[in-house]
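Heads up, the thing below is written out as structure tokens.
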Amino acid sequence: GLRVFLLLVYCATMIALYLAPLGITSPCIMEENQLPPKPALVGHRGAPMLAPENTLMSLHKAVECDVQVFETDVMVSADGVPFLMHDEELTRTTNVQAVFPDRAAQSIAFNWTDLQQLDAGSWFLERRPFPTVESLSPGDRNETTKQRIPSLEQALEAAKQSNISIMFDLRPENHSDYQTFVNVTLGVILQSGIPLQQVLWLPDGFREDVKQQAPDVQQVYGRKRLKNEKEPLLHVNLPYQDMSSEEIRQYRQDNISVNLYVVNQPWLFSVLWCSGVSSVTTNACQVLKEMKHPIWLLPSSTYLMIWVVVDCVSFLIIIWAFVLLK
């Protein structure tokens with residue numbers, strides 16, 4: 001009785017394993033002619049593997065990677081100048097402790113003249129945040145040491161000259177003067193002469209005011225659409241973990257542009273490519289730029305044939321083992 005019971009359990013397990021492939025799905029199981037276009041690349045703070053983040057050098061390196069959007073972060077100095085900076089403190093990406101040792105390092109506490117005295121590039125060579133720093137050319141290393149904190153005006157001019165879009169967060173979101181930050185930032189954008197269609201606005205605060213003052217700016221939302229959305233979303237920006245392949249396909253069918261972040265690995269980029277995502281924010285634009293095709297793409301018939309052959313071979317091996325062991 002025990003042998004019969006064990007045999008039944010064994011057979012049930014094997015049948016489940018043999019049928020399991022029928023329940024396995026992947027976005028990359030499709031015909032070649034069904035493959036969506038390659039997702040556009042959004043440079044995360046530029047090209048941070050090739051140059052110090054949120055600098056003009058990083059923007060230009062991103063342009064060399066064929067990115068379509070430069071993603072950055074904006075803060076406003078104490079005297080009202082919007083500039084590129086992600087952290088609320090300057091210590092990680094500048095030499096503020098050496099230049100102003102007696103001052104608190106809060107980014108928005110400095111005026112623009114003081115910010116221009118800071119070295120925003122040498123930390124990249126000293127701390128080597130990515131292994132790619134080792135392979136920088138002597139020319140790039142020299143250029144890195146010359147980087148300063150760019151103003152938003154400078155970044156907009158560089159984006160306009162390179163014909164790429166710019167997308168940014170405005171920080172810190174919980175500041176009491178945030179509405180002033182929005183107005184100052186919007187004023188710089190309107191005065192820059194950049195086509196407003198090239199500006200992707202991420203901040204949620206006072207978004208309606210921005211729509212009224214600059215209706216041509218592209219509004220990008222950091223959330224999924226709601227059931228009773230008053231006006232349809234055209235662009236969303238989300239972590240890649242928050243969107244399933246089915247949701248990506250549905251958004252694509254509804255003409256909603258989906259950008260997912262931060263995507264650095266070719267295998268993940270391949271899956272999102274097959275899913276039909278519009279663009280991805282990446283640190284590794286130099287890697288994803290070279291991909292002409294997903295890492296793997298299988299027609300459903302080929303996928304099933306592979307599993308049928310594997311199942312048949314394994315079944316014959318099992319029979320052979322039973323006969324051998326009598």
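The values are calculated or read from the model by the stated rules, or taken from the named source; none is laboratory data. All values derive from a computational prediction rather than experimental measurement. Heads up, the Cβs are rebuilt from the backbone with ideal geometry, glycines too, and the neighbour counts pull from every protein chain shown. Side chains included, ligands, DNA and RNA excluded: accessible areas come from the protein's heavy atoms. Shrake-Rupley method; radii C 1.70, N 1.55, O 1.52, S 1.80 Å.
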Just give me the residues in region 282-326 being in contact with a helix residue (DSSP H, G or I) (Cβ under 7 Å, 6 or more places away or on another chain) and free of Cβ contacts under 8 Å to residues at least 12 places away in the same chain, in sequence order. none
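Listed here are the residues, each with its yes/no results for (1) part of a helix (DSSP H, G or I); (2) surrounded by fewer than 16 Cβ atoms within 10 Å (Cβ to Cβ); (3) assigned by the TED database to the domain that holds GLY121; (4) touching a residue at least 12 places away in the same chain (Cβ under 8 Å).
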residue: ASN142; (1), (2), (3), (4): yes, yes, yes, no
residue: ILE149; (1), (2), (3), (4): no, no, yes, yes
residue: GLN154; (1), (2), (3), (4): yes, no, yes, yes
residue: ALA158; (1), (2), (3), (4): yes, no, yes, yes
residue: ASP169; (1), (2), (3), (4): no, no, yes, yes
residue: PHE181; (1), (2), (3), (4): yes, no, yes, yes
residue: THR185; (1), (2), (3), (4): yes, no, yes, yes
Just give me the residues in region 271-313 being in a helix (DSSP H, G or I), at pLDDT 90 or above and in contact with a Phe, Trp or Tyr (Cβ under 8 Å, 6 or more places away or on another chain), in sequence order. LEU272, LEU288
Looking only at residues that are closer than 25 Å to ASP177 by Cβ and out of contact with any strand residue (DSSP E or B) (no Cβ under 9 Å at 6 or more places or on another chain) in region 40-86, which one is surrounded by the fewest Cβ atoms within 10 Å (Cβ to Cβ)? ASP79
With respect to the numbered conditions (1) closer than 19 Å to ASP66 by Cβ; (2) buried (at least 19 other Cβ atoms within 10 Å of the Cβ); (3) touching a residue at least 40 places away in the same chain (Cβ under 8 Å); (4) not basic (Lys, Arg), which one is the sole condition not fulfilled by VAL271? (1)
Filtering region 88-111 down to residues that are open to solvent by less than 30 Å² (accessible area, probe 1.4 Å) and either more than 15 Å from ARG148 (Cα to Cα) or assigned to a loop (DSSP other than H, G, I, E, B) (or both) yields LEU90, THR93, THR94, ALA105, PHE110
List the number of the failed condition for ASP216; all other conditions in (1) closer than 30 Å to LEU190 by Cα; (2) touching a residue at least 12 places away in the same chain (Cβ under 8 Å); (3) of a type in the set (Asp, Glu); (4) in a helix (DSSP H, G or I) hold. (4)
Run ALA51 past the list (1) in a strand (DSSP E or B); (2) over 24 Å from ILE189 (Cα atoms) and report the number of the one that doesn't hold. (1)
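Every residue, every condition in (1) basic (Lys, Arg); (2) under 20 Å from PRO266 (Cα atoms); (3) in contact with a Ser or Thr (Cβ under 7 Å, 6 or more places away or on another chain), yes or no:
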{"site": "PRO37", "(1), (2), (3)": "no, yes, no"}
{"site": "LEU56", "(1), (2), (3)": "no, no, no"}
{"site": "THR72", "(1), (2), (3)": "no, no, no"}
{"site": "PRO101", "(1), (2), (3)": "no, no, no"}
{"site": "ASP119", "(1), (2), (3)": "no, no, yes"}
{"site": "SER122", "(1), (2), (3)": "no, no, yes"}
All but one of (1) free of Cβ contacts under 8 Å to residues at least 40 places away in the same chain; (2) under 30 Å from ALA51 (Cβ atoms) hold for SER279; state the number of the condition that does not hold. (1)
Could you say whether any residue in region 212-224 is of a type in the set (Phe, Trp, Tyr) and either open to solvent by 60 Å² or more (accessible area, probe 1.4 Å) or at pLDDT below 95 (or both)? no
Could you list, in sequence order, the residues of region 187-199 that are open to solvent by 50 Å² or more (accessible area, probe 1.4 Å) and closer than 21 Å to HIS235 by Cβ? LEU190, PRO195, GLN197
